[in-house]
Amino acid sequence: MRGLMMDMPLSIPALLRRAESVHPHKAIVSRLVDRSVMRTTYAETLDGARRLAAALRALGVQPGDRVATFCWNHVPHLHAYYGIPASGAILHTLNIRLHAEELAYIVTHADDAVIIVDKVLWPVFEPVRARIGHRRIIVISDDHDIPPGTLHYGDLLAAQDDAPPFEDMDEHTGAVLCYTSGTTGRSKGVLYSHRALVLHSFAEALPDMLDLAEASRVLAVVPMFHANAWGLPFACALVGATQILPGPYLDAASIVSLLESERVTHTAGVPTIAHALLAHLDQHPGHDLSALRLMLVGGAAMPETTIRAFDDRHGVKVIHAWGMTETAPLGTISRVPSELADAPADEQYAWRATQGRPGPFVEVRARAEDGALVPWDDQAMGELEVRGPWVASAYYPGDDAPDRWTDDGWFRTGDIVTIEKTGRLTIHDRAKDLVKSGGEWISTVTLEAVLLEHEAIAEVVVIAVPHERWGERPLALVVATPGCRPTLPDVRQHLDGRVARWWYPDAVEVVDSLPRTGVGKYQKHRLREIYRDYFEESAPQ
Ligand code: ADP
């Protein structure tokens, strides 16, 4: 039809062009390997991104080719985030914490043409290299002492003095490829289009989402290889926010010192990180975090006790969000609506501990085991299905697990939820982690949140274990707080009046530590394997 708007693509290059011309002077701050803090600007970072794009083209990288990164969060990784999609190639972020076998599978599956590797990570990468055949490897290194047969990152960029400006491309081309972190099975590829990332950035920046603005100072503790760094590098570039990158130092002391010294306003990470920060702040009081406006926590359930503890003890506002690699990742966010502004604190905390309501353009529904959609009554449980412009329509390259999508194109998340009348989700479990006892579901997420309130429990995972009479029963695996040893009677007493009696774990096993995935989630499937025979021949309790 004539007389409509211009058909300008929603592409990463267009977003970057604005960043270059409107806020080139804004700061990007990064901790280096030697722990010093380096300051640069968007202008310099985007110059690096254009140089990288030109260098890749000079190496023969074609539009659509995959260029992988094996890096911490730092400025060259930002070059890759911006420069690779802007060159028409696809940025593929590799999870440095996966096993070499899994990484080799992912590199081969994605058929990465080039891999950019941090020199400090070379010992981790070397066993992967041995398994992936010949691929071009670029090493980011301060010196020229790099492994034979690899290219030097700095040299490649230095040779590109005439790197061309960022040019538009079709918004429906692939920009970033990210594999799921494999918490519940083999990793699968998710390919984000330019359009999806641009729209995700707009939504993420909204006041009732992350509330990002030019004046924001953002430190993503989430690794840049986990779910697209939660979209933050793109959303920050869109609004002109200052970015603070932690380099290889993700321990609580290093993060807290950056939060304080850089007057960070927004930070983001998984609950494991949040718990580590809380423990550090409790043990080392006196930090000035007055600039910090919000800590986004997602990737696993954030217990209400921890949200309260941050408020009460440190004046830090935790915002709980739900998302998946398949949803780019922001799906829902828990912002207390204005009509509850004067509600009792308990009611507000109860809201904040849920996963919240979907962002714009994200649609949700849930389906019961009988195949019917569940009502939005906050009671009926079902598997969450989502759709939206930044929700995957297939796994890359298109033939993996098609059963994850319904016939009418919604994505089956595998998460079991209830939905409240205004669309607020509560995640009760992953379908694979639920305990199915006597035909009824027990939410391990709820049990864990309540158990964590017990002072003798530092960490807890509840898993389903096969049981002769009930099919499955819950087993609580507990890391005790120093000097304590929680017992089954303690735990049962603690649960009295809080959850139904038939939900009580049948046993409590105190362990030294609990295994985690590369992005810090508990490896429940591994624990289920280890404790598979735990209740064998045990009588029902
Ligand atoms: P993986 O599936 O390998 O863990 P993702 O990082 O994509 O990879 O994880 C997405 C899953 O994490 C969701 O399906 C959900 O089970 C869980 N999750 C994400 N955010 C939350 C949250 N706020 N509360 C509970 N679970 C969450």
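The values are calculated or read from the model by the stated rules, or taken from the named source; none is laboratory data. Model, not experiment: these values are computed from the prediction. Note that each Cβ is placed from the backbone with ideal geometry, even for glycine, and that neighbours are counted across all protein chains shown.
Whether any residue in the range 76-94 is surrounded by 17 or more Cβ atoms within 10 Å (Cβ to Cβ), closer than 13 Å to PHE225 by Cβ and of a type in the set (Gly, Ala, Ser) is what I want to check. Yes, the range 76-94 contains at least one residue that is surrounded by 17 or more Cβ atoms within 10 Å (Cβ to Cβ), closer than 13 Å to PHE225 by Cβ and of a type in the set (Gly, Ala, Ser). Among the residues of the range 56-100, those that are touching a Phe, Trp or Tyr at 6+ places or on another chain (Cβ under 8 Å), of a type outside the set (Ser, Thr, Tyr) and in a helix (DSSP H, G or I) comprise PRO76, ALA86.
When ALA276 is tested against (1) within 16 Å of the ligand (Cβ to nearest atom); (2) surrounded by 19 or more Cβ atoms within 10 Å (Cβ to Cβ), just one condition goes unmet, and that condition is (1).
The rows are residues; the columns are (1) of a type in the set (Lys, Arg); (2) buried (at least 19 other Cβ atoms within 10 Å of the Cβ).
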{"residue": "ARG129", "(1), (2)": "yes, yes"}
{"residue": "PRO147", "(1), (2)": "no, no"}
{"residue": "THR150", "(1), (2)": "no, no"}
{"residue": "VAL176", "(1), (2)": "no, yes"}
{"residue": "ALA196", "(1), (2)": "no, yes"}
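Does the range 432-443 contain any residue that is modelled with pLDDT under 95, farther than 28 Å from THR272 by Cβ and in a loop (DSSP other than H, G, I, E, B)? Yes, the range 432-443 contains a residue that is modelled with pLDDT under 95, farther than 28 Å from THR272 by Cβ and in a loop (DSSP other than H, G, I, E, B).
Applying the criterion of at least 3 residues that are within 16 Å of the ligand (Cβ to nearest atom) to the helices (runs of 4 or more DSSP H) found wholly in the range 101-212 leaves 194-205.
Residue check, GLU326 against (1) over 15 Å from GLY414 (Cα atoms); (2) assigned to a helix (DSSP H, G or I); (3) within 16 Å of the ligand (Cβ to nearest atom), all met but one. Which one? All conditions are met except number (1). Scanning the range 337-366 for residues that are without any contact (Cβ under 8 Å) to a residue 24 or more places away in the chain and either within 16 Å of the ligand (Cβ to nearest atom) or touching an Asp or Glu at 6+ places or on another chain (Cβ under 8 Å) (or both) returns a single hit, LEU340. Taking the range 415-431 as the range and being part of a loop (DSSP other than H, G, I, E, B) and at negative phi as the test, the residues that pass are GLU420, LYS421, THR422, ARG424, ALA431.
Applying the condition of being over 22 Å from VAL336 (Cβ atoms) and acidic (Asp, Glu) to the range 364-385 and asking which residue is surrounded by the most Cβ atoms within 10 Å (Cβ to Cβ) yields GLU385.
Residue under question is GLY409, and the condition is that it be within 16 Å of the ligand (Cβ to nearest atom), outside the structural domain of ARG501 (by TED's automatic domain parsing) and surrounded by fewer than 16 Cβ atoms within 10 Å (Cβ to Cβ); does it hold? No. Filtering the range 299-319 to residues that are within 14 Å of the ligand (Cβ to nearest atom) and either touching a Leu at 6+ places or on another chain (Cβ under 8 Å) or without any contact (Cβ under 8 Å) to a residue 24 or more places away in the chain (or both) leaves PRO303, THR306, VAL318, ILE319. Of all the residues in the range 472-485, those that are closer than 26 Å to GLU440 by Cβ and either free of Cβ contacts under 8 Å to residues at least 60 places away in the same chain or of a type in the set (Asp, Glu) (or both) number 5. Residues in the range 66-95 that are in contact with a helix residue (DSSP H, G or I) (Cβ under 8 Å, 6 or more places away or on another chain) and farther than 23 Å from ALA268 by Cα: ARG66, VAL67, ALA68, GLY83, ILE84, PRO85, ALA86, SER87, ALA89, ILE90. Just a yes or no: is a residue in the range 376-396 among the aliphatic types (A, V, I, L, M), more than 12 Å from the ligand (Cβ to nearest atom) and part of a strand (DSSP E or B)? Scanning the range 376-396 turns up no residue that is among the aliphatic types (A, V, I, L, M), more than 12 Å from the ligand (Cβ to nearest atom) and part of a strand (DSSP E or B). Once the range 426-451 is narrowed to residues that are surrounded by fewer than 20 Cβ atoms within 10 Å (Cβ to Cβ) and over 16 Å from VAL499 (Cβ atoms), the residue that is nearest to the ligand (Cβ to nearest atom) is ARG430.
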